[in-house]
Amino acid sequence: MSDRSWYQDSPKRLYTQDYLQRVESFINFVLSKPKNISADEIRCPFMKCNNKKSHYKNVVMMHLLKKGFIEKYLFWYAHGEPYVPHETML
């Protein structure tokens, strides 16, 4: 999932089937790494939560479907991804 433009392009992205499927893939990625889960909750990359608040996966999913990800959250550092320079992600 190196191309993150699917959630950075336009506010209209929130209302597509493709966006829903990719959010589900993001949630599955997060859940595939046990260190990302604490008391059945995961960090939420929605702007107001800013990866500082944790919620159950269905709450995180609703935040992302209604409002989207943190702007420029191209590297999922709070969700177990190893560091990748931004130039290689574009």
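Any read-out appearing in this document is the output of simple, stated calculations on the displayed coordinates, not a laboratory observation. From a predicted model like this one, the values you see are computed outputs, not experimental measurements. Here the Cβ is made from the backbone with ideal geometry for all residues, glycine too, and neighbour counts use every protein chain on show.
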Which of the lysines could a cross-linker span from Lys48 if the Cα-Cα distance has to be under 21 Å and same-chain partners fewer than 8 positions apart are dropped?
Lys12, Lys57, Lys66, Lys67, Lys72
Mind giving me the FRET efficiency for Ile70 and Ser32? R0 is 35 Å, r the Cβ-Cβ distance, nearest 0.05 is fine.
0.95
Cβ neighbours within 10 Å, averaged per peptide: list 45-53, 60-68, 28-36 in order, most packed at the top.
60-68, 45-53, 28-36
Sorted by Cβ neighbour density within 10 Å, fewest at the top, the residues Trp6, Trp76:
Trp6, Trp76
Assertion target for Ile70, Ile42, ordered by fewest C-beta neighbours within 10 angstrom first, is Ile70, Ile42
Is the shape of region 5-70 best called rounded, prolate or oblate, per the rule: a/c under 1.5 gives rounded, else a/b larger than b/c gives prolate, else oblate, with a ≥ b ≥ c the square roots of the Cα gyration tensor eigenvalues?
prolate
